[in-house]
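Trainee: Let me give you the structure first, and then I'll get to my questions.
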């Protein structure tokens, strides 16, 4: 049976802090700042940040990389008793990956009104027709996750305006 | 501007044949038989088959692996003038990956009524709210792609019945 991990508010705050730290690492590398961690038995077993530009791989989103790292660590494609923390609402691809990996709990930060697949555009993790559903917890330190993105894009626009890029 | 590749019926037949061959390779490895190829300028630049069980990676679907291989080859996350051929309707994750990689044309074989993200359950590649849409061509040698899957699962059920697995 799939277990829904239960966390205290302090634990949730801490796990999202580590995801926010991952997002900041992405920004340092010139990537859109999004970070993710996967937790099992109250321990972080995988952490990752968006790596699309560095790798030039379309699928190199924070969530997907964290899922693959957790699969490697556990030698299992099933992540049934884990939770995913991510600073931005998962896109359609990442929502699908969460389903495929059977992750039962997702905590995310900022909403993604343009591409969000778990609440904003689609509620893919709550579809009874699919063979897996997940609890979705929204707006976990969302202002911080959102501010990282807003500042990043503001800086990019300014650099373009100044002709630096 | 994104170009929609145009193919003759012979080309479509051939590219799907290569995808079907990939699906058969998956079956030889004991994987659910699904294969995919990516075509650019009438040339196959990536081919892959489902590798979930061998790798124990939830994301190791044929389409995702083919997309990543094409990204590597082209050193670009953008696959704007390519087409994807796959023996089964893409799932939600793979539909999202097609969007993220900006693939403009998708040709698939059998329908996936339980998990299909491009026609059956969702029409994710035709959503005007998203920043990318793709042409979807259905039932390309679908009977063959479907038969591979049916025979595979029939064999699995028989093995289980005989206590071999």
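Read-outs throughout are calculated quantities, based only on the coordinates presented, and are distinct from any laboratory measurement. The shown structure was predicted, so the numbers you read here are calculated from the model rather than taken from an experiment. No Cβ is skipped: glycine too gets one built from the backbone with ideal geometry, and neighbour counts run over all protein chains shown.
Trainee: I'd like the orientation of helix A:62-74 relative to chain A: the angle between its Cα long axis and the longest Cα principal axis, in ° from 0 to 90, rounded to 10.
Mentor: Tilt of helix A:62-74: around 40 degrees.
Trainee: Please report, for residue B:131, the nm distances (one decimal) from its label point, 7 Å out from Cα along the beta-carbon direction, to the equivalent points in the remaining copies, shortest first.
Mentor: Its label point is 3.3 nm from the equivalent points in the other copies.
Trainee: If you restrict to DSSP beta bridges whose two residues both lie in segment A:35-165, what percentage is antiparallel, to the nearest 5?
Mentor: Antiparallel bridges: around 60 percent, rounded to the nearest 5.
Trainee: Please report the relative contact order for chain A, taking Cα pairs under 8 Å with a sequence separation of at least 6, and give it as a percent rounded to a whole number.
Mentor: It rounds to 20 percent for chain A.
Trainee: Something else about it: For chain B, find the longest principal axis of its Cα atoms and tell me its angle to the long axis of helix B:9-28, 0 to 90°, nearest 10.
Mentor: 40
Trainee: Now a separate question. Exposure proxy check: A:129, B:52 ranked by fewest other beta carbons within 10 Å?
Mentor: A:129, B:52
Trainee: Can you put A:57, B:98, A:12, A:34 in order, fewest other beta carbons within 10 Å first?
Mentor: A:12, A:57, B:98, A:34
Trainee: Further question: Which ordering of B:37, A:43 is given by a fewest-first count of other beta-carbon atoms within 10 Å?
Mentor: A:43, B:37
Trainee: What is segment A:1-150 by shape, rounded, prolate or oblate, if you read a ≥ b ≥ c off the alpha carbon gyration tensor as root eigenvalues and call it rounded for a/c under 1.5, prolate for a/b larger than b/c, and oblate otherwise?
Mentor: It is rounded, given that a/c, with a ≥ b ≥ c, falls under 1.5.
Trainee: Also, quick follow-up: Could you give, in nm with one decimal, how far residue B:74 is from each other copy of that position, shortest first, with labels 7 Å out from Cα toward Cβ?
Mentor: Once sorted, the set of distances for residue B:74 reads 3.4 nm.
Trainee: Going by alpha carbons, how many degrees (0 to 90, nearest 10) lie between the helix axis of B:142-161 and the longest principal axis of chain B?
Mentor: 30
Trainee: Now, a different point. Suppose only helical runs count, i.e. DSSP H with n ≥ 4. What mean residue ellipticity at 222 nm does that imply for the protein assembly as shown under -39500 (n - 2.57) per run, divided by all residues and rounded to the nearest 500 deg cm²/dmol?
Mentor: Computed ellipticity for the protein assembly as shown at 222 nm equals -12500 deg cm²/dmol.
Trainee: Using only the alpha-carbon atoms, what does segment A:79-165 span along each of its principal axes? Please give whole angstrom values in decreasing order.
Mentor: Principal-axis extents of the Cα atoms in segment A:79-165, largest first: 50, 22, 20 Å.
Trainee: Treating the point 7 Å from Cα along Cα-beta-carbon as the label, what are the nm separations from residue B:153 to the other copies, to one decimal?
Mentor: Ordered by increasing distance: 4.1 nm.
Trainee: For the protein assembly as shown, what class follows from the C-alpha gyration tensor (a ≥ b ≥ c being the square roots of its eigenvalues): rounded when a/c is under 1.5, otherwise prolate if a/b is larger than b/c, else oblate?
Mentor: Cα axes put the protein assembly as shown in the oblate bin.
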